[in-house]
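Working notes, structure below.
Each reported figure results from applying straightforward, stated rules to the coordinates on display, with no laboratory input. Note that the structure is predicted; figures quoted are calculated from it, not measured. For neighbour counting, all protein chains shown are included, and Cβ atoms are generated from backbone atoms with ideal geometry for every residue, glycine included.
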Amino acid sequence: MKYICQVCGYVYDEEAEGIPFSELPDDWACPMCRAPKNLFEAEEESDDGSAAIAEGPESFEKIPAGVLSAIFSNLARGAEKQYRSDEAGLFRKLSASFSAKAEGTESIEDASTLNSDFLERKLKAVRNAAKNASDRGALRAVTWAEKVARIVGSIIERYMKEGEDLLRYSDVWVCSICGFVYIGPEPTGICPVCKVPGWKFERIEGGDA
Amino acid sequence: MKRIAVRNLRLCTKDCLCLYVCPTGATDTEDSIIDASRCIGCGSCADACPSSAISMVVAEYPPQQRKDKDVCDAVLDAADCRSRLEAMAKKIAAETEEDGLRRLMKAIAMSSRLSSEDLLREGGYMLPQSSVSQDLIHSLIADPPEGFPTAEARELLRRIPCNDREGKKEESYRCSVCFSEFTLDDGEEAACPMCHAPKEKLERL
């Protein structure tokens, strides 16, 4: 039987490895992207994400501030790609004038719940709509966002279990293209999600938030 | 279609052949960004570059792909969810005393923003030139939220013309009566704006 990493696509072949997947220790992780064991699925059972969802996407009357901020920071990238740095700066000013407000006290458990909601409901809705419209660009974005959210969820879970020990002697890196989060030494290979070279990862500094 | 040269600094090995072959000096700048206003699109620099650091891109971008309304709605909803995680992660990072948790939450905030941006690109906000992007800016100028930089937004609309508005193609004319030159939007009643000469007196340029 073969088991496939749902983040980077790494294949664990029981026959070649000689150890049944179920007998690997619980802290075994994907050798490519460090995804934990529970993010592997047996080859046949691969979920195609087509599980029907009852409700359609809601339509916003007014686009929320946090989304406007991301729309404009994204258009700043669009301007940068066209070598229009002045326009990129103007878009960044528009972006900075909006920000989502976090309400009340937030805990890491809330972050975990919100991440699961994104994975299980919001992204499935995008995937269904994209499939119906045969929109391969949107399907590509969903695929990346799904993998990134899975790894984010697994790291949050590990932090809830291990606490500061998880990060005491490790750096945290983010792929500046797709948002893949990686804990460990400086990445040398390629991003397991979007395949950009390691130098596109950014090291996250502590200090002031 | 007019093209202009752009340089990828990561690939540039400073062999500088582009400086020697450029007929207008557009490749020789203090910030290493090729001067788009001087580039005539001849492609000599891209051909000469031994490290393939120069490529030719279109000067005017084609209209972006049209997006299905359900895809756009679902994308906005998903981006909203991710922006709430971003805000939550930023808040936890700001309030915690733990260095590891702060770094992790900053990473999640950055990651969430990147996912939102990527999804929004596929939900209609790819090109600054698109009517989707431009209509949004117009609507925010018309009814600005608190703190919205209206002057910057107007400047953006002035600098970046829309490239997919139907029926808005401009045509240039010269009036054979008063010799003034002007442009009219496609579909607009053709008449000289200076001397009001009728359509028959106008020459298309």
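Tabulated data
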item: Global form of chain B, assessed from the alpha-carbon gyration tensor, a/c cut-off 1.5; result: oblate
item: Pair residue B:171, residue B:158: separation of 7 Å Cα→Cβ label points (nm); result: 2.9
item: Chain B, helix-only ellipticity at 222 nm - DSSP H runs n ≥ 4, -39,500 (n - 2.57), divided by all residues, nearest 500; result: -13000 deg cm²/dmol
item: Relative contact order of segment B:1-92, defined on C-alpha pairs under 8 angstrom at six or more residues apart (%); result: 34
item: Segment A:1-47: proportion of alpha-carbon pairs further apart than 12 angstrom, %; result: 56
item: Extension gain, residue A:22 back to residue A:86 (0.36 nm per residue minus Cα-Cα distance, nm); result: 17.5 nm
item: Shape call, segment B:3-58: gyration tensor on alpha carbons, a/c limit 1.5; result: rounded
item: At R0 = 45 Å, FRET efficiency that the Cβ-Cβ distance of residue A:195 and residue B:181 yields, to 0.05; result: 0.30
item: Computed over segment B:69-122: relative contact order in percent, which uses C-alpha pairs under 8 Å that are six or more apart; result: 49
item: Cross-link pairs A:2/A:147; A:2/A:122; B:69/B:91 - those with Cα-Cα distance over 24 Å; result: A:2/A:122; B:69/B:91
item: Segment B:1-105 shape via C-alpha gyration tensor axes, a/c threshold 1.5; result: oblate
item: Debye log10 I(q)/I(0) for segment B:69-122, one point scatterer per Cα, at q = 0.24, 0.27, 0.29, 0.31 Å⁻¹; result: -0.79, -0.91, -0.99, -1.07
item: For the protein assembly as shown: span of alpha carbons on each principal axis (Å, largest first); result: 90, 54, 45
item: Cα-Cα separations in chain A greater than 24 Å, expressed as whole percent; result: 54
item: Unpartnered cysteines - no second Cys beta carbon under 4.7 Å - across chain B; result: B:12, B:16, B:22, B:39, B:42, B:49, B:72, B:81, B:162
item: Cβ-based net charge around residue A:27, under 14 Å, with every Lys or Arg adding one and every Asp or Glu removing one; result: -1
